[in-house]
1. How much space per residue, in cubic angstrom, does the convex hull of the C-alpha atoms of region 74-148 take up?
2. Which order do S140, S197 fall in if you start with the one that has the fewest other Cβ atoms within 10 Å?
3. Quick check: convex hull of the Cα atoms in the chain, volume per residue, rounded to a whole Å³?
4. Rank the residues I194, I151, I168 as a footprinting-exposure proxy: fewest other Cβ atoms within 10 Å of their Cβ go first.
5. Can you give me the long-range amide H partners of E76? Hydrogens built in the peptide plane at 1.01 Å from N, cutoff under 5 Å, separation of 5 or more residues or another chain.
6. How would T189, T86, T133 line up from fewest to most surrounding beta-carbon atoms within 10 angstrom?
7. Tell me, what does the Kirkwood hydrodynamic radius of region 90-213 come to in angstroms if you use every pair of distinct C-alpha atoms?
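Read the figures in this text as sums done on the coordinates, not as results from a lab. What you see is a predicted model; the values in this text were computed from it and never measured. Ideal geometry is used to build each Cβ from the backbone, glycine not excepted, and the neighbour counts take in all protein chains shown.
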Amino acid sequence: MGDKNYDKPLIIGPGREYLFYIGFTEDVSHQVTLALTSIDGVELFGVKWFLVEMGIESYRLPTQDVPGELSLDGAEAVKLEFRTPTLLLDPFKESRYKRFLPLPGIVFAYNIGDLLRMQRNREYIEAVNIVNTVLNETYSALETVKPIKYIYEGKQLPGITGYIKYIIDWDLVEKLEIKNFLENLLLHTKIMGIGTSRANGFGHTTVKIVKKH
């Protein structure tokens, strides 16, 4: 899907195959597998759905052996593509008001907390601020990340879509010795998505590493 198509809704029709990604932790793997195999032959929205193929990839987090495509060796930047409407998590407080500015600490807020097994405490806020410091959003961020409206329980609500690129500040990454942490953060993002309401299909994100020329 090209960048110009991010603001267009996906229209699903009969007679075609569609690919979906689901991220989950090991403790619920049995329930997820059972749910997926139960989809076969289900009628929904006037269409009968069939499960054509199912594959499982397993990763241990945190890990020193991050998949090659997410290695930051020789990397200049990180690019995130929001494949479904995304609802950012506020890392600083619980609030009914959403965050929409795609600062890296806000975008990765859920992943930081889950990866480090932290609640909203001082150490968590420090980790959020470190990610804000070592990843710099590009000048075009407010053009490539776009507002979007989605319908949920009959209400039209705001989210974001599009893509964003973060430049890596290698001087700080090396000084703080957090390269492996960032790689695990990206791996967690690839598996689990970002933001809130991921179980409802929000926040599916593609992670790409931009290498130095």
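1. Enclosed volume per residue, from the Cα hull, is 115 Å³.
2. Taking fewest neighbouring Cβ atoms as first place, the list is S140, S197.
3. Each residue corresponds to 150 Å³ of Cα convex hull volume.
4. On the way: I194 24, I151 8, I168 20.
Ascending Cβ contact count within 10 Å gives the list I151, I168, I194.
5. V210, K211, K212
6. Details: T189 23, T86 26, T133 14.
So the residues, fewest neighbours to most, are T133, T189, T86.
7. 15.5 Å
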